[in-house]
Amino acid sequence: MVDYHAANNQPSAGGAQSYMVQENDWDRDLLLDPAWEKQQRKTFTAWCNSHLRKAGTQIENIEEDFRDGLKLMLLLEVISGERLPKPERGKMRVHKINNVNKALDFIASKGVKLVSIGAEEIVDGNVKMTLGMIWTIILRFAIQDISVEETSAKEGLLLWCQRKTAPYKNVNDDPVTNLNNAFEVAEKHLDIPKMLDAEDIVNTARPDEKAIMTYVSSFYHAFSGAQKAETAANRICKVLAVNQENEQMMEDYEKLASDLLEWIRRTIPWLEDRTQEKTVNDMQAKQEDFRDYRCVHKPPKVQEKCQLEISFNTLQTKLRLSNRPAFMPSEGRMVSDINGAWHTLEGAEKGYEEWILSEIRRLERLEHLAEKFHQKAAIHESWTDGKEAMLKQKDYETSTLSEVKALLRKHEAFESDLAAHQDRVEQIAAIAQELNELDYYDSASVNTRCQKICDQWDLLGTLTQSRKESLERTEKQLETIDELYLEYAKRAAPFNNWMEGAMEDLQDMFIVHNIEEIQGLITAHEQFKSTLAEANKEREAIQSIQAEVQKIAQSNGIKLSGANPYTTITPSSIDSKWEKAMTMVPQRDSALQEELNKQNSNDSLRAKFATQANTVGAYIQEKMEEIGRISIEMNGTLEDQLTNLKDYQKNIMSYMPEINKLEGFHQLIQEALIFDNQYTPYTMEHLRVGWEQLLTTIARTINEVENQILTRDAKGISQEQLYEYRASFNHFDKDHSGALQAEEFKACLISLGYDVENDKQKRSGQMVSDDFRALLISTGNSLGEGEFARIMSIVDPNNSGAVTFQAFIDFMSRETTDTDTADQVIASFKILAGDKNYITAEELRRELPPDQAEYCIARMAPYAGPDGVPGALDYMSFSTALYGESDL
């Protein structure tokens, strides 16, 4: 038999140990009042079963069911939450004694001194000893820790009952009814089993004190647990509400980022499409589509991109304020990814617009060359018409000597004419080659026509050489030559060619892009007109040769056989071409003057655009500098700053009509095919980008102030502290960039009370108040290399090397305020779970609002511990995941 002797000098909480020692004198009372014994049996049995049912078992007879020690050890494990040594499963007496001794050893290890209670008495079913042992367990695990205003456990329970029943006037009326009602309500709603009947208490002169204390302690713990559960539930609701809001913002960000990236993904291939069109009109239609994209489709996406950055910054601020890990968007949806895609989009825009303009120039050039090709080809084909048949004639075989000589001279004149046309053929071939190199859409027909002209030209050369050789063979028989005819032919041919070339030039198509080019054409035309007088003299000289022929023939009675045998160019054809050329001169004058007027108009349009562009560019530059100063030198309360910034934003937006006016000028310039402007350094693209940057900067500055308000309200920072933070920050922001470099940030912290060299804080007389400086010192933070690296990882998680004012405020507010932690949430869940290491869906639905209960159930992993039950949920991993300490 193992005896546990009392020791009355052992310390315990609230005086409960002395009460336990007095009540443990079971060996001094040889007899136990039968009524008390009955009450104790009933109460203790119900109390034990209220705990054993958690392990899926119960007892029927208190002195019998604990004899083998197995349920006794199980009871101690349930109420303590600890593991006892492995029990022995044998049926022999020694096995039972060993099991009971393990239980008694465990009770003793909790500081409880058992008096005259041995394992043999429990194994033998000694009622008195068994009840005494259970009473000792109840005292230790259910009553000992009860203390109200530093009273003993017994007095504390009495005081608690008196306070709880004091407000009820009828508490002492009809005790049987009141007790039965109380027992039924407790069993139904508080999960307290019925341990006594009302008659056991009312019909007994002095009810058993131990039974009453046991019953009352159950009420005490039930009400105490309910209060803790309510507190725990409120904490969890708050944490979950923050988390749900953050998750919704994350989902909104992901969707907006995905939609914007998808739009960019669809748009870039369209901007990178370089499918060439056949005509200028087709390319101008593409230009109109691109203008519609820039003015209609892109501006809403610019707003979406700005809103995306604002939402991301606000979300990160809220996550920092709620001590949550920073939000990392899905791969490819970071703000930097969106900025990269946007940069690619703008690059594609610039390339597409430049390509359109270059294509319009190319197509204009192609159309001009094609028109020029067909014009020269038609002139050449008109000239070669009949030449092949003429060269194949054999008329010299039946001609007289003079006629043969005439034919030979005529042929020489033809050769001269043929040589004069060589340049035109080369020009036609060169134009065809250029059309091929510029990828003209109708190059096939051009090549066919050019090849035909070249083949015919080669044939004419061969036939010319053959006829010349034939004429030269008969030249010896020709003596008489009409020198005048020959001279006429020789002078008429080049003059005729000159007139044809002049008419070709007068009809030549031209395209210019500025005043200098059209003035160059006018100058060249004036130079041409200055040669007309000399050309007219040559025409008169040629005509005088023909007149001289007629005079000689008349003087000598010679009958001319007909036309000049050496040339087909007649005086009438020369006069006709001359008159035609003279009518073309004023037409050319008119066309050049019209083009000059057009270029003057275009120059005026350039000046209008330049004036507006210079005004808008200066305005944007001025406002960018102003917003830079405003973001650094903000005065007044944050709310005043926010109001002023929004008014400033409205003022900026009121300038939009000037931007639209500039867009209108730009559209007129593009429609007029004006490609350069010497009056302004600005392009429409530069001004669009500058305007978008101005709007984005204002929106970002407003967002920063809103986040500062959010931080101030969440952390309880006063306006004076914010002014102090701003003053210190601006003092070290030497370049007014709105961000501190690492060394500037360290110097700023030193000014706020940190000692970098000694790795500890010291008092400073500048920049901070004594209270705030003391608060910095009380935090225990230091600025050694390791500590400063930790601080930089908080304020600069992207390792950019700079600290923004918002990150600076977040750090300073974090150092001076408390936030929820994962351990606090775990402790709250443990209360709701009744001190279990897991929680069930039923308990969550009972303690939490429906939506947050279902939120937890959907995200909690199954509990895998050995003490789990079916459906058990792991609230510990869920709590750590909320704060980024593990994966959810």
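Quick look at the values:
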quantity	calculated
Test: residue in segment 224-231 that is surrounded by fewer than 15 Cβ atoms within 10 Å (Cβ to Cβ) and of a type in the set (A, V, I, L, M, F, W, C)	yes
Single residue of MET653, MET684 found to be more than 21 Å from ALA727 (Cβ to Cβ) and open to solvent by 30 Å² or more (accessible area, probe 1.4 Å)	MET653
Hits in segment 88-113 - residues which are open to solvent by 80 Å² or more (accessible area, probe 1.4 Å) and among the hydrophobic types (A, V, I, L, M, F, W, C)	MET92
Contacts under 6 angstrom Cβ, first residue in segment 438-466 being touching a residue at least 24 places away in the same chain (Cβ under 8 Å), partner part of a loop (DSSP other than H, G, I, E, B) and not β-branched (Val, Ile, Thr), 6 or more apart	TYR441/LYS278
Qualifying residue in segment 75-87 (condition: of a type outside the set (Val, Ile, Thr), modelled with pLDDT under 90, in contact with a helix residue (DSSP H, G or I) (Cβ under 9 Å, 6 or more places away or on another chain) and exposed (fewer than 15 other Cβ atoms within 10 Å of the Cβ))	no
Selection within segment 261-289 - farther than 16 Å from GLU367 by Cβ, touching a Phe, Trp or Tyr at 6+ places or on another chain (Cβ under 7 Å) and of a type in the set (Lys, Arg)	ARG274
Any hit, segment 140-156, residues being open to solvent by 50 Å² or more (accessible area, probe 1.4 Å) and without any contact (Cβ under 8 Å) to a residue 12 or more places away in the chain	yes
Scope segment 232-276; condition within 30 Å of ASP442 (Cα to Cα) and loosely packed, with under 13 Cβ neighbours inside 10 Å; matching residues	PRO269, TRP270, ASP273, ARG274, THR275, GLN276
GLU579, sole failed condition from (1) surrounded by fewer than 17 Cβ atoms within 10 Å (Cβ to Cβ); (2) modelled with pLDDT under 85	(2)
Selection status of ALA348, part of a helix (DSSP H, G or I), among the small types (Gly, Ala, Ser), open to solvent by less than 30 Å² (accessible area, probe 1.4 Å) and closer than 26 Å to GLN806 by Cβ	no
Residue in segment 277-294 that is open to solvent by 50 Å² or more (accessible area, probe 1.4 Å) and within 30 Å of ASP835 (Cβ to Cβ) present	no
Test: residue in segment 838-853 that is outside any strand (DSSP E or B), outside the structural domain of GLY81 (by the TED database) and under 21 Å from PRO325 (Cα atoms)	yes
In segment 861-878, the residues that are under 18 Å from ILE236 (Cα atoms) and either without any contact (Cβ under 8 Å) to a residue 12 or more places away in the chain or crowded, with 17+ Cβ neighbours inside 10 Å (or both)	LEU873, ASP874, TYR875, MET876, SER877, PHE878
Unique residue being part of a helix (DSSP H, G or I) and either open to solvent by 30 Å² or more (accessible area, probe 1.4 Å) or closer than 22 Å to CYS237 by Cα (or both) when the list is ARG333, ARG320, ARG324	ARG320
Test result for ASN170, among the polar types (S, T, N, Q) and part of a loop (DSSP other than H, G, I, E, B)	yes
Segment 501-527, subset modelled with pLDDT of 85 or more and farther than 30 Å from SER604 by Cα, residue surrounded by the fewest Cβ atoms within 10 Å (Cβ to Cβ)	GLY501
Those residues of segment 331-375 which are over 11 Å from the mean Cα position of the chain (by Cα) and small (Gly, Ala, Ser), in sequence order	GLY347, ALA348, GLY351, SER358, ALA370
Residue tally, condition surrounded by fewer than 19 Cβ atoms within 10 Å (Cβ to Cβ) and within 26 Å of PHE290 (Cβ to Cβ), over segment 360-378	6
Selection within segment 176-219 - in a helix (DSSP H, G or I), open to solvent by 60 Å² or more (accessible area, probe 1.4 Å) and of a type outside the set (A, V, I, L, M)	THR177, ASN181, GLU184, GLU187, LYS188, HIS189, GLU199
Residues that are in contact (Cβ under 8 Å) with a residue 40 or more places away in the chain and of a type outside the set (A, V, I, L, M), drawn from segment 567-582	THR567, SER573, LYS577, TRP578, LYS580
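Okay, residues lined up against (1) touching a residue at least 24 places away in the same chain (Cβ under 8 Å); (2) among the hydrophobic types (A, V, I, L, M, F, W, C); (3) not assigned by the TED database to the domain that holds LYS830:
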| position | (1), (2), (3) |
| --- | --- |
| GLU187 | no, no, yes |
| PRO193 | yes, no, yes |
| GLU199 | no, no, yes |
| ALA205 | no, yes, yes |
| ASP208 | yes, no, yes |
| ASN246 | yes, no, yes |
| ASP259 | yes, no, yes |
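The values are calculated or read from the model by the stated rules, or taken from the named source; none is laboratory data. Note that this is a predicted model, so its numbers are computed, not measured. FYI the Cβ positions are ideal-geometry reconstructions off the backbone, even for glycines, and counts take in every protein chain you see. For the accessible areas, the whole protein counts, side chains as well, though only heavy atoms, and no ligand, DNA or RNA atoms are used. Shrake-Rupley method; radii C 1.70, N 1.55, O 1.52, S 1.80 Å.
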